[in-house]
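What follows is a short report on a single structure.
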Amino acid sequence: MVHVKNYALRERKDGETFIALELMGGLELVQSAETGRFYATIRKCSIPSTLYEPTAKMMIGQQIEGEIVRVQCDPYDFENPRTGEVITLSHTYAYRPNGAMELIGH
């Protein structure tokens, strides 16, 4: 089960705008490869929508069947906003409805 956390106005390559829903999964515990200690995190992703802003605003807090899954992608640099550390990642997260086949990386 995932929750609609928020929405955002995004711009397509052609300049048109659309509403993306920001989704949040459940709490998960992950073990640090560096320290071996566990930390709590939540998987997040966004999905495009055809919704208008007033409708998107009403969707905040709604639950949706499915999960947020890790998907392989081309490597990219990510800067940790808290520490400023830059790391290279080769995965992202995407929404997968219950019963859907595995997602293919972007």
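Overview of values
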| quantity | calculated |
| --- | --- |
| Selection count, the stretch 1-19, where residues are modelled with pLDDT of 95 or more and either surrounded by 11 or more Cβ atoms within 10 Å (Cβ to Cβ) or closer than 27 Å to TYR39 by Cα (or both) | 10 |
| Failed item, numbered, when VAL30 is tested on (1) outside any loop (DSSP other than H, G, I, E, B); (2) over 21 Å from MET1 (Cβ atoms); (3) hydrophobic (A, V, I, L, M, F, W, C) | (2) |
| The stretch 80-101 residues that are closer than 23 Å to VAL4 by Cβ, paired with ones that are at pLDDT below 85 and part of a strand (DSSP E or B) (beta carbon under 8 Å, 6 or more apart) | none |
| Selection from the stretch 25-45 of residues that are closer than 22 Å to ALA100 by Cα and open to solvent by less than 100 Å² (accessible area, probe 1.4 Å) | GLY25, GLY26, GLU28, ILE42, ARG43, CYS45 |
| Condition broken by GLU22, with the remaining ones in (1) loosely packed, with under 10 Cβ neighbours inside 10 Å; (2) among the acidic types (Asp, Glu); (3) in a strand (DSSP E or B) satisfied | (1) |
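Residue by residue, here is whether (1) of a type outside the set (A, V, I, L, M, F, W, C); (2) exposed (fewer than 10 other Cβ atoms within 10 Å of the Cβ) holds:
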{"site": "ILE47", "(1), (2)": "no, no"}
{"site": "LYS57", "(1), (2)": "yes, no"}
{"site": "ASN80", "(1), (2)": "yes, yes"}
{"site": "THR88", "(1), (2)": "yes, yes"}
{"site": "ALA94", "(1), (2)": "no, no"}
{"site": "ASN98", "(1), (2)": "yes, yes"}
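The values are calculated or read from the model by the stated rules, or taken from the named source; none is laboratory data. Small disclaimer: the values here were computed from a predicted structure and weren't measured. Glycine gets a Cβ as well: all are built from the backbone with ideal geometry, and neighbour counts include every protein chain shown. For the accessible areas, the whole protein counts, side chains as well, though only heavy atoms, and no ligand, DNA or RNA atoms are used. Shrake-Rupley method; radii C 1.70, N 1.55, O 1.52, S 1.80 Å.
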